[in-house]
Amino acid sequence: MTTPNPNSVRPPEGVQPSLGRPGGQLMSRKPFVRPVSKTGWWLKHPRYMRYMSREVTCVFIGAFALLMLCTLERLSKGPEAYASFIAAIQSPMSVIGMLLVLIFALHNATSWFNVTPKALPVQIGEEFLAGKYIIGAHYAVWAIASLVVMFFAGVI
């Protein structure tokens, strides 16, 4: 006489067979599933909010990059096309939009500069360079590059 296989017995009500256990053994309880909001998960922690603010600003910076490509395209079509494009983007709404993009670009740059020591630690011998020096170097290069651009633009 053969003994019935315990795995071939139907599970009681509310008990699910385990798919990941060897031999398909029965589980006596439901696995824990942590509820995660599909849209608001980033609102629960300040670190996630900073991350998402940095990521959202990239959308506006990308839109500005596309605007610059359109500017180059109009410039290639001749002075009349370029002049009409410049007149169109000098409207008050365009100026407000570009100021908004500037604010987002500043936020994006400063938040990345502040995260850099954690993402790219600099090791000198056995010691790591303090984060304030890495952040300071980024801001110094940014200031120098800004001065060079302003010099060539004739602002200073």
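Just a few scattered comments:
- Test: residue in segment 100-109 that is among the aromatic types (Phe, Trp, Tyr), in contact with a helix residue (DSSP H, G or I) (Cβ under 7 Å, 6 or more places away or on another chain), surrounded by 13 or more Cβ atoms within 10 Å (Cβ to Cβ) and touching a residue at least 24 places away in the same chain (Cβ under 8 Å): yes
- Take the conditions (1) more than 16 Å from the chain's Cα centre (by Cα); (2) of a type in the set (Val, Ile, Thr); (3) open to solvent by less than 60 Å² (accessible area, probe 1.4 Å); residue 116 misses just one of them, which is (1).
- Check on residue 153, free of Cβ contacts under 8 Å to residues at least 60 places away in the same chain and exposed (fewer than 10 other Cβ atoms within 10 Å of the Cβ): yes
- Against the criterion of being open to solvent by less than 70 Å² (accessible area, probe 1.4 Å), part of a helix (DSSP H, G or I) and at pLDDT 80 or above, residue 54 qualifies.
- Filtered residue count, segment 119-150, keeping only those that are open to solvent by 70 Å² or more (accessible area, probe 1.4 Å) and in contact with a strand residue (DSSP E or B) (Cβ under 9 Å, 6 or more places away or on another chain): 1
- Looking only at segment 33-51, and only at residues there that are surrounded by 10 or more Cβ atoms within 10 Å (Cβ to Cβ) and hydrophobic (A, V, I, L, M, F, W, C), the one that is nearest to residue 108 (Cα to Cα): 49
- Any hit, segment 25-41, residues being in a helix (DSSP H, G or I) and out of contact with any strand residue (DSSP E or B) (no Cβ under 7 Å at 6 or more places or on another chain): yes
- Candidates 93, 68 - the one that is under 26 Å from residue 138 (Cβ atoms), free of Cβ contacts under 8 Å to residues at least 24 places away in the same chain, open to solvent by 60 Å² or more (accessible area, probe 1.4 Å) and out of contact with any strand residue (DSSP E or B) (no Cβ under 6 Å at 6 or more places or on another chain): 68
- Scanning segment 73-85 for residues that are surrounded by 11 or more Cβ atoms within 10 Å (Cβ to Cβ) and in a helix (DSSP H, G or I) yields a total of 8.
- Scanning segment 109-156 for residues that are under 24 Å from residue 47 (Cβ atoms) and not in a helix (DSSP H, G or I) returns 120, 121, 122, 128, 129, 130.
- Failed item in (1) free of Cβ contacts under 8 Å to residues at least 24 places away in the same chain; (2) farther than 24 Å from residue 48 by Cα, with residue 132 passing the rest: (2)
The values are calculated or read from the model by the stated rules, or taken from the named source; none is laboratory data. What you are looking at is a predicted structure, and each value in this text was computed from that prediction instead of being measured. Cβ sites come from the backbone with ideal geometry, for glycine too, and all protein chains shown count toward neighbours. What goes into the accessible areas is simple: the full protein's heavy atoms, side chains included, and nothing from ligands, DNA or RNA. Shrake-Rupley method; radii C 1.70, N 1.55, O 1.52, S 1.80 Å.
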